[in-house]
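So the structure is just underneath, and the comments pick up after that.
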Amino acid sequence: MEFTFEEIEGIQDPLDRTKAAHERLGQFQEAVTELTRLRREGVEQLQAAGWKPTEIAVHLGVTRQRVEQIGKNGPTPARAFLGRGNQVIIAVGEKTEAPKEGGRPGGPAVATEDLVAYETLSHLARDLKMDVQFEGISPPGLFDTNRENLIVACGPRLSPVVAQLLAGDPCLGFSKDDQGWYLVDRDLDEEYRSPSDRGVPADYAYLGRLPRLDGKGSFLYMGGIHSAGAAGAAHWITNNLSEIYSAVGAKGLFSTLIKCEYSTSPLRVTSSERVSPIYRREVAS
């Protein structure tokens, strides 16, 4: 329940008043962060269109120096690619471990490569002043898509939810034959098979926004042919955040393919690049 300032001030119990004020303050702080980001983005767009700081200053009722500060300080506009607000949820697929000694069943575990993807994304989010909540997607791979600021790293083999949503992409997707899993660009009639299947430390990944099951938005998704691919997609986002945000914004559904190369022991992505066009679909609400 949301209270106005007067209602909060009128709460007699000091604990209830403190809790209400604390909750409302968090909402205001989140709003201030997003409005500051939008203001900076607007100033950058106006300057790119040829507006001078003095012209913008007249419309905002501030000094030219203040306009220059607005264009440099505050959250980067591309922050919105990960989500709006001050927290993101990063959900990672889990596999069932092999049975242990004595016949005890193995529990759910996250692959090392998926942990690298999580760590890469969490570092990026924290650099952008966002808190990170980790979530494991346990077998059989069911999870709630209908949340704000959700990022998912999980292959279609581990989650029927992911498999169902990927099937709605008319341009890119996963496929399988007797040689194994691979990615396909249906628009260009191209196949992408993982070099790691031939012993080469490289992989491909699908990166995009998938629609939520409730139809009220989207979530950011990445999944490799093998687990290393997701780490490569996270690496590419980190190094190309402004590019991808400029191309697809904060809400639009899209998909593209990323190739990465990596070293092992420990796993470290050494390079990543986009290898397909960025396919855009209808804008999610």
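Rolling a 1.4 Å probe over the protein heavy atoms gives the range 10-95 an accessible area of 59 Å² per residue. The stretch between S271 and A21, if pulled fully straight at 0.36 nm per residue, gains 85.3 nm over its current Cα-Cα span. Remark: the chain carries a charge dipole of roughly 560 debye about the Cα centre, counting +1 on each Lys and Arg Cβ and -1 on each Asp and Glu Cβ. With a cut-off of 9 Å between beta carbons, the residues surrounding G229 carry a summed charge of -1, where Lys and Arg count +1 and Asp and Glu -1.
Among N146, N86, N73, the residue with the largest mean-square fluctuation in a Gaussian network model of the chain, with springs joining Cα atoms closer than 10 Å, is N73. The peptide list 212-222, 229-239, put in order of mean Cβ contacts within 10 Å with the highest first, becomes 229-239, 212-222. Among P14, P170, P53, the largest mean-square fluctuation in a Gaussian network model of the chain (Cα springs under 10 Å) belongs to P14. Rg and Dmax of the range 203-285, based on Cα coordinates, read 13.2, 43 Å.
Could you please state, rounded to a whole Å, how far the C-alpha centre of the range 156-178 is from the C-alpha centre of the range 10-88? Value for the Cα centre distance between the two parts: 38 Å. The modelled label-to-label distance between S138 and T112, using points 7 Å beyond Cα along the C-beta direction, is 2.6 nm. Near P170, once Lys and Arg are set to +1 and Asp and Glu to -1 for all other residues with Cβ below 10 Å from its Cβ, the sum equals 0. Using the Cβ-Cβ distance between R39 and T238 with R0 set to 30 Å, the FRET efficiency from 1/(1 + (r/R0)^6) comes to roughly 0.75. Near R37, once Lys and Arg are set to +1 and Asp and Glu to -1 for all other residues with Cβ below 15 Å from its Cβ, the sum equals +2.
Per residue, how large is the accessible surface of the range 226-285? Use a 1.4 angstrom probe and give square angstrom. Display every interim value, and only then the final one.
Details: 2560 Å² over 60 residues.
Accessible area per residue: 43 Å².
Measuring nothing but protein heavy atoms, the accessible surface of the chain at 1.4 Å probe radius is 51 percent carbon and sulfur.
Rounded to the nearest 5, the antiparallel percentage of DSSP beta bridges internal to the chain is 70%.
Once the convex hull of all Cα atoms in the chain is built, its volume per residue stands at 190 Å³.
The values are calculated or read from the model by the stated rules, or taken from the named source; none is laboratory data. Worth saying up front: this structure is predicted, and the values here are computed from it rather than measured. Methodologically, a virtual Cβ is constructed for each residue, glycine included, from the backbone with ideal geometry; neighbour enumeration extends over all protein chains shown. Only protein heavy atoms, including side chains, enter the accessible area calculation; ligands, DNA and RNA are left aside. Shrake-Rupley method; radii C 1.70, N 1.55, O 1.52, S 1.80 Å.
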